[in-house]
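K.L.:
Quick one: structure below, then a few questions.
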Amino acid sequence: MRLKSLLLGAALSSTLVLTGCQSAYYSAWEKLGVEKRDIMVDRVENAKESQEDAQEQFSSALEEFSALINFDGGELEDVYNDLNDEYQASQAAAEEVSSRINNVESVADDLFDEWEDELEQYQSTSLRRESENKLRETRRRYDSMLKAMRRAESKMDPVLQALEDNVLYLKHNLNASAIGALQGELSQMKGDISSLIEDMNSAIAESDAFIKSMK
């Protein structure tokens, strides 16, 4: 599935843009033997990877901020530029995480709606009941995973705001005394990023469990 996504994703995205219809996107994949559940698994994997990348980026930003606090000489403007780069990269990483979670939620809504509608097509009561139970369990796992993803996502904004505040302060106070004013921020930032990474680890574990249940 991942290989097909890389090879054909651009073409299918172009189809969606041209038609402006989500169903056209799904239809194009179905012609290749790829169903909504496959797309959903693929998007969960993408969301998981984006969170792993974000973990690394926020950790890198924390290291850069720590280096700033421990500044012992050199060009302070260079240190500011490095911290600003880390902030910009962290913001981009956070946007990617949110975008991919939204993509998961979009296909999940479509999958569950379709599954619910198709329950009415069964003639066999036992098979319909079995499918209903499977839908209920899949939705339960999905809801737990999405909740974990959104919880981790919600913790990115405070960290980004703190980074932005410190970058802005340093921008207008490029002197050694400014670093002293920022020292009190380090402990809080360490705690916030540690909490963010912990919640992302929980979301990643939920994603792995969900992917396993879908295969």
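The values are calculated or read from the model by the stated rules, or taken from the named source; none is laboratory data. This one's a predicted model, so the numbers in the text were calculated from it and none came from an experiment. Because the Cβ atoms are built from the backbone with ideal geometry, glycine has one as well, and the counts that use them run over all protein chains shown.
K.L.:
Quick check on region 126-145. Is at least one of its residues farther than 28 Å from Ser27 by Cβ and either outside any helix (DSSP H, G or I) or outside the structural domain of Asp82 (by TED's automatic domain parsing) (or both)?
P.N.:
no
K.L.:
Just one of the numbered conditions (1) aliphatic (A, V, I, L, M); (2) surrounded by fewer than 17 Cβ atoms within 10 Å (Cβ to Cβ); (3) in contact with an Asp or Glu (Cβ under 8 Å, 6 or more places away or on another chain) is not true of Ala92; which one?
P.N.:
For Ala92, the exception is condition (3).
K.L.:
Output the number of the condition that Asn173 fails; it satisfies all remaining conditions of (1) surrounded by 13 or more Cβ atoms within 10 Å (Cβ to Cβ); (2) at pLDDT below 90; (3) in contact with a Phe, Trp or Tyr (Cβ under 9 Å, 6 or more places away or on another chain).
P.N.:
Of (1) surrounded by 13 or more Cβ atoms within 10 Å (Cβ to Cβ); (2) at pLDDT below 90; (3) in contact with a Phe, Trp or Tyr (Cβ under 9 Å, 6 or more places away or on another chain), only one is false for Asn173: (3).
K.L.:
Cβ-Cβ below 7 Å, separation at least six or inter-chain, first residue in region 113-128 and among the aliphatic types (A, V, I, L, M), second surrounded by 12 or more Cβ atoms within 10 Å (Cβ to Cβ) and in a helix (DSSP H, G or I): which pairs?
P.N.:
From region 113-128, the pairs are Leu119/Arg128; Leu119/Ser131; Leu119/Glu132.
K.L.:
What are the pairs with Cβ atoms under 7 angstrom where one residue, in region 189-215, is without any contact (Cβ under 8 Å) to a residue 60 or more places away in the chain and the other, located anywhere, is assigned to a helix (DSSP H, G or I) and among the hydrophobic types (A, V, I, L, M, F, W, C)? Sequence gap at least six, or different chains.
P.N.:
As it stands, the answer is Asp192/Val159; Asp192/Ala162; Asp199/Ala152; Ser202/Ala148, since those pairs meet every condition given.
K.L.:
Same structure, new question: Residues being in contact with a Phe, Trp or Tyr (Cβ under 8 Å, 6 or more places away or on another chain) and either among the charged types (D, E, K, R) or over 20 Å from Asp157 (Cα atoms) (or both): count how many of those fall in region 69-94.
P.N.:
Going through region 69-94 one residue at a time, the tally reaches 2.
K.L.:
Tell me, yes or no, whether region 128-139 has at least one residue that is at pLDDT 95 or above and closer than 30 Å to Phe58 by Cβ.
P.N.:
No, region 128-139 contains no residue that is at pLDDT 95 or above and closer than 30 Å to Phe58 by Cβ.
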